[in-house]
Amino acid sequence: TDIRISYSAKNASLDGAINIVSYDLASNLRQHIKQKRFKVIIVDESHSLKDSRTQRTKNVSPIIKAARRTILLSGTPAVSRPLELFPQLQIVAPSLFPNFYEYAVRYCDGHPGQYGFVCSGSSNLPELH
């Protein structure tokens, strides 16, 4: 099998049967990677995409969504609370939880707080599992 490992944008090769790149390199090559339309993208350490506000998640999510199939791998998909799963779920199954507010109310004990919407807890965990 033709496996290509790219370490830098300068020497990146995405023409192998299997291509391995880091999150940072994928961010740098995002336009090129999106155009490739890979059949499958396997994302290791997917918990690194737990915050939809980070540049890493913003850059890599469209690449992953452009693939026909995606597999997210992580030993710890949610380190501390269900809120961390939402960006990962949006990547692989956006229609499953299309609305953050509804997800937060159902699984993050989301409720109005003194300074805005609070969603730092957890609720309905057996259902989420």
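Every read-out reported here was derived from the displayed coordinates using simple, explicitly stated rules and does not represent laboratory data. Quick caveat: nothing in here was measured; it's all calculated off a predicted structure. Methodologically, a virtual Cβ is constructed for each residue, glycine included, from the backbone with ideal geometry; neighbour enumeration extends over all protein chains shown.
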Completion exercise
Over the stretch 1-37, the set of residues assigned to a loop (DSSP other than H, G, I, E, B) and out of contact with any Leu (no Cβ under 8 Å at 6 or more places or on another chain) is T1, D2, K10, N11, S13, D15, G16, A17, S22, R37
Exercise for the section: Considering every residue within the stretch 51-67, establish whether at least one is closer than 24 Å to L128 by Cα, without any contact (Cβ under 8 Å) to a residue 12 or more places away in the chain and among the small types (G, A, S). Expected result: no
Exercise for the section: Please name all residue pairs, on different chains or six or more residues apart, with Cβ atoms under 7 Å, provided the first residue is in the stretch 26-38 and is at positive phi and the second residue is in a helix (DSSP H, G or I). Expected result: R37/A66
Exercise for the section: Looking at (1) more than 14 Å from the chain's Cα centre (by Cα); (2) within 25 Å of K10 (Cα to Cα), find the lone condition where H111 falls short. Expected result: (2)
Exercise for the section: Those residues that are closer than 19 Å to T54 by Cα and either aromatic (F, W, Y) or in contact (Cβ under 8 Å) with a residue 60 or more places away in the chain (or both), I need them from the stretch 78-100; list them, please. Expected result: F86, F100
Practice task
Take the residues in the stretch 49-84 that are assigned to a loop (DSSP other than H, G, I, E, B) and of a type in the set (V, I, T), then tell me which one is nearest to D24 (Cα to Cα).
Solution key: T54
Fill in the blank from the handout: Counting only residues that are surrounded by fewer than 18 Cβ atoms within 10 Å (Cβ to Cβ) and more than 11 Å from the chain's Cα centre (by Cα), the stretch 75-93 contains a total of 6
Fill in the blank from the handout: Those residues of the stretch 4-20 which are under 18 Å from N59 (Cβ atoms), aliphatic (A, V, I, L, M) and touching a strand residue (DSSP E or B) at 6+ places or on another chain (Cβ under 8 Å) amount to L14, I20
Handout entry: The lone exception for N124 - which of (1) of a type outside the set (V, I, T); (2) touching a residue at least 40 places away in the same chain (Cβ under 8 Å); (3) surrounded by 13 or more Cβ atoms within 10 Å (Cβ to Cβ); (4) farther than 30 Å from I3 by Cα it fails
Key = (2)
